[in-house]
């Protein structure tokens, strides 16, 4: 199988898993879900890391640096803010 | 290791389905992210870390500051912003990939990259750009920098269509027929430019009331953008994570659309509010003929004898930062022997679940929060329905007036309760820009003013009576 085909398989299956899990999430948690999912979409960081492997001032590297920057804001900000919200949900017990 | 990270992501998401485990779920996801980053760094071997470390440190710092400083009321803006960053990151990765593998060698696409990589690359560029610019517009609309009114010009949808055709055409041309590196460069940049314009034009016609839908949708896009990047790099973990986020955003979008009784297509292309303004918005002046209002003292007396109170919070509560005052009032009522519940409409606030977060911030136990379906039949037994800065979600026109633009939208039947109090600054219409007949009802009382102020006065009056 070509990598593209495997990728499509993985994609389709992951979408199903996502649907299965997320339909069960209560409305109370929709906002944390969203910001959490947002943080997860920062997984692009993995791709971004590959894009800035050398210290040369090439366009590719600068774009890669910016990609890391953006993805990292997404990841750190997303997870922290989600945690802040969930702390409030849990805090009153 | 990527496999482990992927599994952890899925488990983390699963734990988000319950309030109790949600926090640990989030931690699990962040651990997975760390694992993924470490694994990637190891995998890359010995490289120069200058840009990598600079990017990670700077990005983390900015992200952390934003996360710690943001007010819970402006959470929607924050999420919109982060969506944009996610999309932007995907676009940048694709861009970097282009420069490194194609333009640096001064080459055209044919021959260097396999066809499927090139195509997924452009999909990544397209989705990334649309997410980036679309999110920025959404952000602007949410914090008021751009008008919340739908901006729709004639031919907007046709222009969007032309843009899509233009983008697809460019891609097909550059992939299939072009051998000249200069043209390849120009066309690629054009694709990015057109995609960015498309992102803007897709969001500008959407009104403020529909923002929950747009944010959810952009959330989904940002996931799909990550997935597309995964295809480009042949990295399954990226594909999985992107798909999870894509699915989650899509489900939320669906829920939001259902809560407003509109199809997704209608939200995206409708220019809601503007098209309907002739139907109702214009008659604003004579729409209110028998509105009754009262002061906090009068209201406090009714509250004092109430046994069953349902509070309906809306975005106005968030704007007035009145969630703590609300909780204070609720506590007082409970102490006075009343049963207090909150009715949360799915689109209350500016994003899915926004009200729940705000109320959680002021320590309202989530057992007191009820969904539309759970509580709607209880209004007939309630002594008081207290509406705080909500409007369209309690508009009786949705069930009673077949000509109303919001007809059929599920609303809270607050008018069934004995007395309705509406705390509102004025009679101005909500986002749907239509008058609310509820304000004319016999059992409705208006409490005009800032929600926080009114509630504080109410608490004060009530305290004096109870003691």
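With runs of 4+ DSSP H residues as the only contributors, calculate the mean residue ellipticity of chain B at 222 nm using -39,500 (n - 2.57) per run, divided by the residue total and rounded to the nearest 500.
After summing the helix terms and dividing by residue count, I get -19500 deg cm²/dmol.
Please report, to one decimal in angstroms, the Kirkwood hydrodynamic radius of chain B built from all distinct Cα-Cα pairs.
After inverting the mean inverse Cα-Cα distance, the result is 24.5 Å.
Report the Stokes-Einstein translational diffusion coefficient (µm² s⁻¹, integer) for region B:286-376, Rh taken as the Kirkwood radius over Cα pairs, at 10 °C with viscosity 1.306 mPa s.
Details: Rh = 14.3 Å.
Here the translational diffusion coefficient equals 111 µm²/s.
Could you pull the Rg and Dmax for region A:48-93, using just the Cα atoms, both in Å?
Taking only Cα atoms of region A:48-93, I get Rg and Dmax of 16.5, 54 Å.
Expressed in whole Å with the largest first, what are the equivalent ellipsoid semi-axes of region B:369-467 derived from the C-alpha gyration tensor as the square root of 5 times each eigenvalue?
25, 17, 11
Considering the zone a paramagnetic label at residue B:162 would reach in this model (a point 7 Å from Cα along the Cα-to-Cβ line), which residues of region B:181-205 have amide N under 18 Å from it?
B:190-205
Beta carbons within 10 angstrom, averaged per residue: use that to sort the peptides B:211-221, A:78-88, highest first.
Listed from highest to lowest mean packing, they are B:211-221, A:78-88.
Can you give the helix-only mean residue ellipticity at 222 nm for chain A, where every DSSP H stretch with n ≥ 4 adds -39500 (n - 2.57) and the sum goes over all residues, rounded to the nearest 500 deg cm²/dmol?
Using -39500 (n - 2.57) per qualifying helix, the result is -23000 deg cm²/dmol.
Against the longest principal axis of chain B, how steep is helix B:2-15, in degrees 0 to 90 to the nearest 10, with axes from Cα atoms?
For B:2-15 against chain B, the angle is about 10 degrees.
Is the C-alpha gyration tensor of region A:1-69 telling us rounded, prolate or oblate? Criteria: a/c under 1.5 is rounded; beyond that, a/b larger than b/c is prolate, otherwise oblate.
oblate
Once you average over the residues of B:213-226, how many Cβ atoms of partner chains fall within 10 Å of each Cβ?
For peptide B:213-226, the averaged partner shielding equals 3.
If I take the Cα coordinates of region B:290-466 and project them onto the principal axes, what are the three extents in Å, biggest first?
So the extents along the principal axes, rounded to whole Å, are 46, 34, 29.
With the calculation restricted to Cα positions, what are the radius of gyration and Dmax of region B:1-129 in angstrom?
18.0, 55
Angle between the Cα long axis of helix B:236-259 and the longest principal axis of chain B, 0 to 90 degrees, nearest 10?
Approximately 30 degrees, to the nearest ten.
What is the spread of the Cα atoms of region B:70-270 along each of their three principal axes, largest first, in whole Å?
50, 40, 28
What relative contact order, as a whole-number percentage, does chain B give when Cα pairs under 8 Å and 6 or more residues apart are counted?
Relative contact order for chain B comes out at 14 percent.
Looking only at A:13, A:63, A:33, which one moves most when chain A is put into a Gaussian network model with springs between Cα atoms under 10 Å?
Answer for the Gaussian network model of chain A: A:13.
Rounded if a/c is under 1.5, else prolate if a/b beats b/c, else oblate: with a ≥ b ≥ c from the C-alpha gyration tensor eigenvalues square-rooted, which is region B:1-58?
Oblate.
Calculate how large, on average over all directions, the projected area of the Cα convex hull of the protein assembly as shown is; give the answer in nm² to one decimal.
On the way: hull surface 101.9 nm².
Spelled out: convex hull of the Cα atoms, projected over all directions, averaged, 25.5 nm².
Modelled label-to-label distance, residue B:380 and residue B:65, 7 Å Cα→beta-carbon offset: nm?
The answer from the label model is 5.7 nm.
Against the longest alpha carbon principal axis of chain B, how many degrees, from 0 to 90 and to the nearest 10, is the axis of helix B:211-233 turned?
20
Suppose a student asked you for the relative contact order of region A:34-93, using Cα pairs under 8 Å spaced at least 6 residues apart; what percent would you report?
Details: 52 pairs, mean separation 25.9, N = 60.
With pairs under 8 Å counted, the relative contact order is 43 percent.
Is there a simple number for the mean count of other chain Cβ atoms within 10 Å of the Cβ of residues in B:251-258, and what is it? Mind dumping the intermediate values first?
Numbers: counts 8, 8, 0, 1, 5, 1, 0, 0.
The shielding value for this peptide is 3.
Coordinate-derived values only; no laboratory data. Nothing here was measured: the structure is a model prediction, and the numbers come from that model. Cβ coordinates were reconstructed from backbone atoms using ideal geometry, including for glycine residues, and neighbour counts include every protein chain displayed.
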